[in-house]
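A.B. asks: The structure under discussion is supplied below as structure tokens; questions concerning it will follow.
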Amino acid sequence: MKDGGHITLTLPPGAAATADERGRKSLRRAWNQLPRCQRNLIILGITGFCVTVLLCLSGDQLLAASLKDVDTKAEVVAYQMPLPNPHHHPGVDKDVPKDTAAGLPQAVTMSVALPPPDSNKEQDIGGIDILNNVEEPVAQEQAEPLSEGEQLEQAIKNPLTLGGVSFKEHLKKIKPLLAKGQHFHGATNERQSAVVAAFKHSWAGYKKYAWGHDNLKPISQYSHEWFGLGLTIVDSLDTMYIMGLDDEFKEGRDWVEQSLRFDTKRDVNLFEVTIRVLGGLLSAYHLSGDTMFLAKAAELGNRLLPAFQSPSNIPYSDVNLGDLSAHSPKWSPDSSTSEVTTIQLEFRDLSRSTNISIYEQVAHKVNEKVHDLEKNHGLVPIFINANTGTFRNYATISLGARGDSYYEYLLKQWIQTGRRDNDNLILDYMQAVDGVLTQLMRRTPREHWVYIGELINGKDFKPKMDHLTCYLPGTLILGHQNGMPDSHLILARDLLDTCYQTYVMNPTHLAAEISYFALTEKDDQDIYVKPNDAHNLLRPEFVESLYYFYSLTGNRTYQDMGWKIFQAFETHAKVNAGYTSMGNVKNTQSTRLRDLMESFWMSETLKYFYLLFSDDRKEIDLEQWVFNSEGHPLPVYPLKT
Ligand code: DMJ
């Protein structure tokens, strides 16, 4: 039968088998006719041939395997480098460009050879005790790679190991991303020197009255304990390094090495410990190159991992670092949304610094889970349940407490990971800022101050703005610098003005914790503060935003705004033993000092003041560093392909 140019022959069933059988029979007949000695000789020859073939084959396989090994070690990875941002503007105050739907920065691709991950090059670890004092577990046989669950179990069971081997052994193999010891020149002008003096005054009070405890109570001259992790010391390390305070940095470093312990059976908050302690240790490691900090960070990372053993992969809020157990908060079944989404920069950095992937994996899973949840124009409710993995129904939507840094970390994670086009992080961020513009942003009736309100029960607008929300102008201008639309920059500029107003409108020139805004002209004032909200906790958010504006535009107006506020802190918050929170910013004669110096005063507020007043607006280059939510700079990683 002809079939498309071929001839197909159809044989009757059984015909082929008969021909085969005939062949086999004649072969057997011929073999039987040979003399026995000839048959033996042939059998011997065939056996010898088979043995030789087998030997050659296994040799080839061995050779192939070793070539494969060489190949893996010389792995070449393609990186994408972002092109410079097209939106250059000398100072946003003067000349805000028209709103355009600018796309993401374009990217070019280049290839960079990475050192082999298991390079045996020894790193100078300078006689660090923590690295030598850990128990040496038996090295695991390199068999099947461990599953994510197994890696998690392994890290939790052996918190003093990395990937199943001791810190000492593991860290010997790590090649740091940055050159050992970043250089900073110290204060170069009077304003910076004044900030350094404020830092030294705070450090001296803390040293004298609260050394080794979490916070200083500068009025009663006593200590305040929260997690028992020496928060102020760890939070201050990178600030001291950046300010060039070598002696103080050494005091802090030695305390971390000798006295910072994570094995106490005590509940701590996953988010707070991640941003303050893990972030502080990682930043100190990157700036100084001292691997003692990385070993401490790794132990802490391992001890925080139980938080991720929840049914939904949304972490529990509380972890017992000694017990290695985790649970929801005692007062509620829910975690705060901002808390579970503000640990990713740190966990990712820990993975990339140690070459152990589990930390980044568990934290990234939270990104994916939250991405999949339904939102209100990209905006998220402020509570999420770690058991069910769902948002609480009718929860408030806010860019203040419990919501704020969800939005911040969408952008910053995208920057940290090399700014990939079409990444869900940046898509979620853009959608969220649209949601802010359409659902939460309002202007006051008379003076047209722009502010960001809240949605109570997820729907009812309330004209209330936490001071915490004043981080947003800084994040928005950082996003605009990285290619976000001009509408983001306009909102950033307008909101920065409002935040400044919440300071200078008060007689102390300090902002209250919460401000309210007029909805109609019937309200007496456009911006007002209720008596219970009139406290100031030395928070950093507005100074942080001023820093981003100065660093990205070079406009010195922002320095002058910051100087006014720094002087207000000097006048009203400075006491003999440090700087204190206060109960009332509305009356210079009755500020009602509150007696707490939170660690973020030294990790964030003073650091951002110092960098804001720098003559070199790129003293920390925002192309290469990304600040975590507690003001700790972490490196930006090149894009992985
Ligand atoms: C800091 O711990 C961090 O900035 C956090 O993200 C919000 N609260 C304080 C500062 O106000």
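A.B. asks: Considering segment 377-423 alone, what residues qualify as being polar (S, T, N, Q) and touching a strand residue (DSSP E or B) at 6+ places or on another chain (Cβ under 6 Å)? Steps first, answer last, please.
C.D. replies: Step one: list which residues in segment 377-423 are polar (S, T, N, Q), which gives 385, 387-388, 390, 393, 396, 398, 405, 413, 416-417, 422.
Within segment 377-423, N385, T396, S398, Q416 meet the criteria.
A.B. asks: Being open to solvent by less than 60 Å² (accessible area, probe 1.4 Å) and assigned to a loop (DSSP other than H, G, I, E, B) is the filter here; which residues of segment 164-196 pass it?
C.D. replies: G164, I174, P176, L178, G181, Q182, F184, G186, A187, N189
A.B. asks: Look through segment 536-556, keep the residues that are in a loop (DSSP other than H, G, I, E, B) and more than 8 Å from the ligand (Cβ to nearest atom), and return whichever of them is nearest to the chain's Cα centre (by Cα). I'd like the intermediate steps shown before the answer.
C.D. replies: Of all residues in segment 536-556, those in a loop (DSSP other than H, G, I, E, B) come to 537-540, 554-556.
Filter once more, keeping what is more than 8 Å from the ligand (Cβ to nearest atom): 538, 554-556.
On the way: L538: 24, G554: 27, N555: 29, R556: 30 Å.
Here the answer is L538.
A.B. asks: Determine whether D318 is touching a strand residue (DSSP E or B) at 6+ places or on another chain (Cβ under 6 Å) and either crowded, with 22+ Cβ neighbours inside 10 Å or of a type in the set (S, T, N, Q) (or both).
C.D. replies: Numbers: touching a strand residue (DSSP E or B) at 6+ places or on another chain (Cβ under 6 Å): yes; either crowded, with 22+ Cβ neighbours inside 10 Å or of a type in the set (S, T, N, Q) (or both): no.
The answer is no for D318.
Okay, residues lined up against (1) part of a helix (DSSP H, G or I); (2) away from the ligand (no atom under 16 Å from the Cβ):
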residue: D247; (1), (2): yes, yes
residue: K250; (1), (2): yes, yes
residue: D254; (1), (2): yes, yes
residue: E257; (1), (2): yes, yes
residue: F262; (1), (2): no, yes
residue: K265; (1), (2): no, yes
residue: V273; (1), (2): yes, no
residue: Y285; (1), (2): yes, yes
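A.B. asks: Tell me which of these G631 doesn't satisfy, since it passes every other one: (1) part of a loop (DSSP other than H, G, I, E, B); (2) away from the ligand (no atom under 16 Å from the Cβ); (3) closer than 23 Å to A197 by Cβ.
C.D. replies: (2)
A.B. asks: Can you tell me which residue among D421, D372 is modelled with pLDDT of 95 or more and of a type in the set (D, E, K, R)? Lay out the reasoning, then the answer.
C.D. replies: Numbers: D421 fails: modelled with pLDDT of 95 or more.
After ruling out the rest, the residue left standing is D372.
A.B. asks: Looking only at segment 604-615, count every residue that is outside any loop (DSSP other than H, G, I, E, B) and more than 10 Å from the ligand (Cβ to nearest atom) and tell me the total. It would help to see each step written out before you state the result.
C.D. replies: Filtering segment 604-615 for residues outside any loop (DSSP other than H, G, I, E, B) gives 604-612.
With more than 10 Å from the ligand (Cβ to nearest atom) added as a condition, the list becomes 606-612.
Residues that pass the stated criteria total 7.
A.B. asks: All but one of (1) modelled with pLDDT of 65 or more; (2) farther than 30 Å from E257 by Cβ; (3) of a type outside the set (V, I, T) hold for Q151, so report the exception by its number.
C.D. replies: Looking at each condition in turn, Q151 falls short on (2).
A.B. asks: Looking at D486, D428, can you tell me which residue is within 30 Å of R392 (Cβ to Cβ) and acidic (D, E)? Write out each step before concluding.
C.D. replies: Details: D486 fails: within 30 Å of R392 (Cβ to Cβ).
So the residue among D486, D428 that is within 30 Å of R392 (Cβ to Cβ) and acidic (D, E) is D428.
A.B. asks: Let me ask another. Give just the number: which of (1) farther than 19 Å from P145 by Cβ; (2) more than 16 Å from the ligand (Cβ to nearest atom); (3) touching a Pro at 6+ places or on another chain (Cβ under 8 Å) does N355 not satisfy?
C.D. replies: Single failed check for N355: (1).
A.B. asks: Can you tell me which residues in segment 354-382 are outside any helix (DSSP H, G or I) and either without any contact (Cβ under 8 Å) to a residue 24 or more places away in the chain or surrounded by fewer than 21 Cβ atoms within 10 Å (Cβ to Cβ) (or both)? Spell out the reasoning first.
C.D. replies: The initial filter retains those residues of segment 354-382 that are outside any helix (DSSP H, G or I), namely 355-357, 373-382.
If the condition is that a residue be outside any helix (DSSP H, G or I) and either without any contact (Cβ under 8 Å) to a residue 24 or more places away in the chain or surrounded by fewer than 21 Cβ atoms within 10 Å (Cβ to Cβ) (or both), then N355, S357, L373, E374, K375, N376, H377, G378 are the ones that fit.
A.B. asks: I would also like to ask the following. When you check N269 against the structure, is it within 16 Å of the ligand (Cβ to nearest atom), modelled with pLDDT of 95 or more and buried (at least 20 other Cβ atoms within 10 Å of the Cβ), yes or no? Can you show your working first?
C.D. replies: Values: within 16 Å of the ligand (Cβ to nearest atom): yes; modelled with pLDDT of 95 or more: yes; buried (at least 20 other Cβ atoms within 10 Å of the Cβ): no.
Here the answer is no, as N269 does not meet what is asked.
A.B. asks: Another question about this same structure. Here are the criteria: (1) in a loop (DSSP other than H, G, I, E, B); (2) within 24 Å of D238 (Cα to Cα); (3) open to solvent by 10 Å² or more (accessible area, probe 1.4 Å). Tell me which single one S590 does not satisfy.
C.D. replies: All conditions are met except number (2).
A.B. asks: Exactly one condition in (1) surrounded by 24 or more Cβ atoms within 10 Å (Cβ to Cβ); (2) under 30 Å from R348 (Cβ atoms); (3) more than 16 Å from the ligand (Cβ to nearest atom) is false for K618; which is it?
C.D. replies: Just one mismatch for K618, condition (1).
A.B. asks: Continuing with this model, one more query. Of the conditions (1) at pLDDT 95 or above; (2) open to solvent by 10 Å² or more (accessible area, probe 1.4 Å), S351 clears all except one; give me its number.
C.D. replies: Failed condition: (2).
A.B. asks: Now a separate question. Can you tell me which of L300, L345, L350 is part of a helix (DSSP H, G or I) and within 16 Å of the ligand (Cβ to nearest atom)? Walk me through how you get there before you give the answer.
C.D. replies: Details: L300 fails: within 16 Å of the ligand (Cβ to nearest atom); L350 fails: within 16 Å of the ligand (Cβ to nearest atom).
Unique residue meeting the criteria: L345.
A.B. asks: Output the residue which, of all residues in segment 142-163 that are in contact (Cβ under 8 Å) with a residue 12 or more places away in the chain and of a type in the set (G, A, S), is most open to solvent (accessible area, probe 1.4 Å).
C.D. replies: The extreme case among them is G163.
A.B. asks: Restricting attention to segment 498-546, report how many residues are surrounded by fewer than 17 Cβ atoms within 10 Å (Cβ to Cβ) and over 19 Å from T588 (Cα atoms).
C.D. replies: 7
A.B. asks: While we're here: Which condition does E408 not pass, out of (1) buried (at least 19 other Cβ atoms within 10 Å of the Cβ); (2) away from the ligand (no atom under 16 Å from the Cβ), if it passes all the others?
C.D. replies: (2)
A.B. asks: Quick one: count up the residues across segment 571-603 that are within 16 Å of the ligand (Cβ to nearest atom), touching a Ser or Thr at 6+ places or on another chain (Cβ under 8 Å) and within 18 Å of G205 (Cβ to Cβ). Quick ask: steps written out before the conclusion?
C.D. replies: Residues of segment 571-603 within 16 Å of the ligand (Cβ to nearest atom): 573, 579-582, 585, 594, 596-603.
Imposing the further condition that a residue be touching a Ser or Thr at 6+ places or on another chain (Cβ under 8 Å) reduces the set to 573, 579, 582, 585, 594, 596-599, 601-603.
Those still in the list that are within 18 Å of G205 (Cβ to Cβ) too: 573, 579, 582, 594, 596-599, 601-603.
Qualifying residue count for the region: 11.
A.B. asks: I'd like the residue in segment 197-245 that is in contact (Cβ under 8 Å) with a residue 24 or more places away in the chain and assigned to a strand (DSSP E or B) and, out of all such residues, is surrounded by the fewest Cβ atoms within 10 Å (Cβ to Cβ).
C.D. replies: If we take residues in segment 197-245 being in contact (Cβ under 8 Å) with a residue 24 or more places away in the chain and assigned to a strand (DSSP E or B), then H224 is surrounded by the fewest Cβ atoms within 10 Å (Cβ to Cβ).
A.B. asks: Output the residues belonging to segment 440-477 that are in a loop (DSSP other than H, G, I, E, B), farther than 17 Å from Y407 by Cβ and open to solvent by 10 Å² or more (accessible area, probe 1.4 Å). Full working, then the answer.
C.D. replies: Step one: filter segment 440-477 for residues in a loop (DSSP other than H, G, I, E, B), giving 444-449, 453, 457-459, 463.
This time we only want the ones that are farther than 17 Å from Y407 by Cβ, so: 444-449, 457, 459, 463.
Across segment 440-477, the qualifying residues are P445, R446, E447, H448, W449, N457, K459, P463.
A.B. asks: Would you pick out the residues in segment 383-396 that are farther than 19 Å from A307 by Cα, of a type outside the set (S, T, Y) and open to solvent by less than 60 Å² (accessible area, probe 1.4 Å)?
C.D. replies: Keep residues of segment 383-396 that are farther than 19 Å from A307 by Cα, which gives 392-396.
Those left that are additionally of a type outside the set (S, T, Y): 392-393, 395.
Of everything in segment 383-396, just one residue is farther than 19 Å from A307 by Cα, of a type outside the set (S, T, Y) and open to solvent by less than 60 Å² (accessible area, probe 1.4 Å), namely A395.
The values are calculated or read from the model by the stated rules, or taken from the named source; none is laboratory data. The model shown is predicted, which means the values in this text are computed figures rather than measured ones. Don't worry about glycine lacking a Cβ; one is built from the backbone with ideal geometry, like all the others, and counts go over all protein chains shown. For accessibility, only protein heavy atoms count, side chains too; no ligands or nucleic acids. Shrake-Rupley method; radii C 1.70, N 1.55, O 1.52, S 1.80 Å.
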